[in-house]
Amino acid sequence: MFDLTGKTALVTGASGGIGAAIAKALHARGATVALHGTKVAALESLAAELGERAKVVPANLSDPAAVEQLAKDAEAALGQVDILVNNAGLTKDTLILRMKDEDWQTVLDVNLTAGFRLSRALVKGMMKRRWGRIIGITSVVGVTGNPGQVNYAASKAGMIGFSKALAQEVASRNITVNCLAPGMIQTAMTDVLTDAQKEAMSGRIPAGRLGTPGDIAAGVVYLASEEAGYVTGQTLHVNGGMAMI
Amino acid sequence: MSDIAERVKKIVVEHLGVEEAKVTETASFIDDLGADSLDTVELVMAFEEEFGIEIPDDAAEKILTVKDAIDFIQSKSA
């Protein structure tokens with residue numbers, strides 16, 4: 001089950017903890033992967049670790065022209081893109097009263113608009129080939145909200161609505177569009193928290209622990225697989241039970 | 001029949017999987033050939049690729065029949 005041999009995948013934000021785990025998991029199932037990010041050295045070292053079937057495609061996702069170019073680079077590197085994982089994302093947290101226009105815009109551009117542009121460019125080939133998977137890594141806060149994150153929560157909720165609409169447009173072409181919503185995951189973002197903060201957080205999670213990037217990657221492998229072909233327009237929540245939606 | 005008409009019909013036959021005889025010049029993609037809205041977008045994309053032209057959205061909306069497509073492409077290639 002879940003064999004991805006012969007499939008190709010573009011994973012954005014592959015230099016981050018979750019993105020790298022997703023790329024590794026897809027690769028382990030046989031896919032050829034294009035690793036996108038902005039930290040080229042980190043991408044090169046991940047590609048070296050994976051060995052064959054791994055390419056590096058850096059791009060700045062806040063630049064529209066660079067996003068269009070990324071779609072072309074990924075198709076050139078992989079031959080075609082069967083699986084698109086819109087994982088790249090950033091936060092610029094602050095309360096709304098202190099939030100600057102650019103804090104809002106940058107988060108929307110990278111987290112939501114870049115995914116739109118990549119999907120638009122790559123769905124064309126998927127339609128022709130009658131097979132495709134578009135997977136958006138959203139967040140539990142896109143559904144529950146979180147103070148200090150109006151921009152981030154809006155971008156993540158936007159991705160869910162985007163995916164539901166696109167799922168309906170392309171379902172007849174054997175293309176599925178889904179989201180995966182991580183809860184609290186151990187990454188560089190949560191490493192900066194103190195032990196006390198982590199304990200307090202775990203206390204709100206029925207599973208009693210933070211999630212791992214591997215927990216997220218496993219869900220992505222499922223959504224990317226042939227076996228998940230009848231699942232579309234859905235959001236898979238991977239959060240240890242912290243929000244049951 | 002012109003070369004353009006032949007190529008247009010070939011694309012329509014291949015894309016919609018319909019019998020060649022049904023692809024007359026007056027045939028409507030949606031009403032006669034069973035296309036859905038996504039098919040019509042894909043057809044326009046296929047025409048753009050085949051003929052190396054750009055078909056803007058407002059022109060694409062008016063391409064409803066095989067003849068519409070042939071006429072538009074002819075006007076671009078002329």
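Bear in mind that the values in this text are calculations on the coordinates, not laboratory data. Since this is a predicted model, take the numbers as computed values, not measurements. Glycine gets a Cβ as well: all are built from the backbone with ideal geometry, and neighbour counts include every protein chain shown.
Rank A:Gly145, A:Ile205, A:Asn178 by how far each Cα sits towards the positive end of the charge dipole of the stretch A:8-238 (+1 on Lys, Arg Cβ; -1 on Asp, Glu Cβ) and give me just the farthest.
In the stretch A:8-238, that residue is A:Asn178.
Any number yet on Rg/Rh for the protein assembly as shown, C-alpha, Kirkwood?
Numbers: Rg = 22.3 Å, Rh = 21.3 Å.
In the protein assembly as shown, Rg relative to Rh is 1.04.
Using Cβ counts within 10 Å as a stand-in for footprinting exposure, how do A:Ser155, B:Ser2 rank, fewest first?
Details: A:Ser155 27, B:Ser2 10.
Starting with the residue having the fewest Cβ neighbours, the order is B:Ser2, A:Ser155.
Given the -39500 (n - 2.57) contribution per DSSP H run of 4+ residues, what per-residue ellipticity at 222 nm results for the protein assembly as shown, rounded to the nearest 500 deg cm²/dmol?
Working: 14 runs with 157 residues, N = 323.
Value at 222 nm, helices only: -15000 deg cm²/dmol.
Restricting to DSSP loop positions (anything but H, G, I, E, B) with no more than 16 other Cβ atoms inside 10 Å of their own Cβ, which trypsin sites (Lys or Arg not before Pro) remain in the stretch A:96-192?
A:Lys100, A:Arg130
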